[in-house]
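Working notes, beginning with the structure itself.
The values are calculated or read from the model by the stated rules, or taken from the named source; none is laboratory data. Since the model is a prediction, treat every value here as computed from it, not as a measurement. Cβ placement follows ideal geometry from the backbone for every residue including glycine, while neighbour counts extend to all protein chains displayed. Just the protein is used for accessible areas: all its heavy atoms, side chains included, with ligands, DNA and RNA removed. Shrake-Rupley method; radii C 1.70, N 1.55, O 1.52, S 1.80 Å.
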Amino acid sequence: MPKTLVIAEKPSVANVLAKALGKFTKEDDFFESDDTVITSAIGHLVELCLPNEMDKKRGKWSFANLPIVPDHFDLKAKEKTLSRFNLIKRLLKRADIGDVVNACDAGREGELIFHMICVLAGAKLPEKRLWLTSMTPASIKESFDHLLDVSEKAGLRSSSICRSQSDWIVGLNLTRAASKMLGGGKISKDSVHPVGRVQTPTLMLVVRRELEIRNFVPKAF
């Protein structure tokens, strides 16, 4: 009979799942029983390629190349965790694996981590979603007995892809533009001025508060 591959987000979660579900033997960073294989990512194993990795002509930091808005986004495995990605890819391609369960964290990033791994690995297996809100053995077993169809979290997955790509477009374009403007046109390690969706507005709040403190004028009360 075909086996089910379960992909968790972190090794610690894979270990908890294996303990809760029954008798598993530990192999090369995965657990295996008669009908199930459990492994895990190590957070984000896959990321969006940089412009020069998709089109070398767009790699140069120049205003002439901005804005960079690709028709499609290529993916690549992160170098630091390449061995873990290759392990999951091998498991996805195993002849005895019949379907795969997304057991990454219940949220937007969990959807993105699983999706990007499967896309880059070229996986074509039927998918199910494990949605955990508690890590107790009873809750884990209950959730496995009621796996969700992928369509139930399709909106969340789409939003995660949109967030990832929009962060790439905003961060990459504005970082290059700001670095060229503030660095006098020259780009070096010390002249890069990163701009990000979360980082920049947060920094603005800190700067605004600091200016209020510096410009404060004491008054008699």
Report the residues of segment 146-178 in range of a label on Thr200: point 7 Å along Cα→C-beta, backbone N strictly under 11 Å from it.
169-178
Under a crude label model (7 Å from the Cα following the beta-carbon direction), how far is Ala178 from Lys78 in nanometres?
2.2 nm
Please give, to one decimal in nm, the separation of the simple spin-label points placed at Lys56 and Lys10, each 7 Å out from Cα toward the Cβ.
4.1 nm
Partners for Lys3 among aspartates and glutamates (Cα-Cα distance below 19 Å; same-chain residues under 8 apart left out)
Glu27, Asp28, Asp29, Glu32, Asp34, Asp35, Asp96, Asp99, Glu127, Asp145, Asp149
Which labelled figure in (1) 33, 19, 16; (2) 42, 24, 15; (3) 23, 22, 20 is semi-axes √(5λ) of the Cα gyration tensor in Å, once derived from the coordinates
(2)
Between the helical axis of 199-214 and the dominant principal axis of the chain, each derived from Cα atoms, what acute angle in degrees is found, rounded to the nearest 10?
40 degrees
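Give a quick list of trypsin sites (Lys or Arg not before Pro) in segment 1-42 that DSSP marks as loop, anything other than H, G, I, E or B, with at most 11 other Cβ atoms within 10 Å.
Details: sites: Lys3, Lys19, Lys23, Lys26; in loops: Lys23.
Passing sites in segment 1-42 are Lys23.
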Could you give the dipole magnitude of segment 101-163 about its Cα centre, charging the beta-carbon of Lys and Arg +1 and that of Asp and Glu -1, in debye to the nearest 20?
180 debye
Charge dipole magnitude, Cβ of K and R +1, D and E -1 - the chain, Cα centre, debye nearest 20:
1060 debye
On the accessible surface of segment 10-97, probed at 1.4 Å, how many percent belong to carbon and sulfur atoms?
51 percent
For the cross-link pairs Lys93/Lys141; Lys57/Lys89; Lys19/Lys76; Lys57/Lys189, which exceed 23 Å when the distance is taken from alpha carbon to alpha carbon?
Lys93/Lys141; Lys57/Lys89; Lys19/Lys76
Share of segment 149-221's accessible area from carbon and sulfur, percent, 1.4 Å?
64 percent
Which of the trypsin sites (Lys or Arg not before Pro) found in segment 43-108 are in a DSSP loop and have at most 15 neighbouring Cβ atoms, other than their own, within 10 Å?
Lys60, Lys78, Arg94
Provide the per residue accessible area, probe 1.4 Å, for the chain, rounded to a whole number of square angstrom.
60 Å²
Return a whole-number percent for the relative contact order of segment 1-160, with Cα pairs under 8 Å and 6 or more residues apart as the contact set.
27 percent
Using alpha-carbon positions, what is the distance between the centroids of segment 51-77 and segment 98-152, in Å?
32 Å
Using a 1.4 angstrom probe on the protein heavy atoms only, could you order Ile161, Ile97 from most to least accessible area?
Ile161, Ile97
Which residues in segment 180-217 have a backbone N closer than 15 Å to a point placed 7 Å from the Cα of Ser159 along the Cα-to-Cβ line?
none
Tally the DSSP beta bridges in segment 1-130 and give the antiparallel ones as a percent, rounded to 5.
35 percent
Tell me the GluC sites (Glu not before Pro) within segment 1-78 that lie in a loop according to DSSP and have at most 16 other beta-carbon atoms within 10 Å.
Glu27
Roughly how tilted is helix 154-182, in degrees to the nearest 10 and between 0 and 90, from the longest Cα axis of the chain?
30 degrees
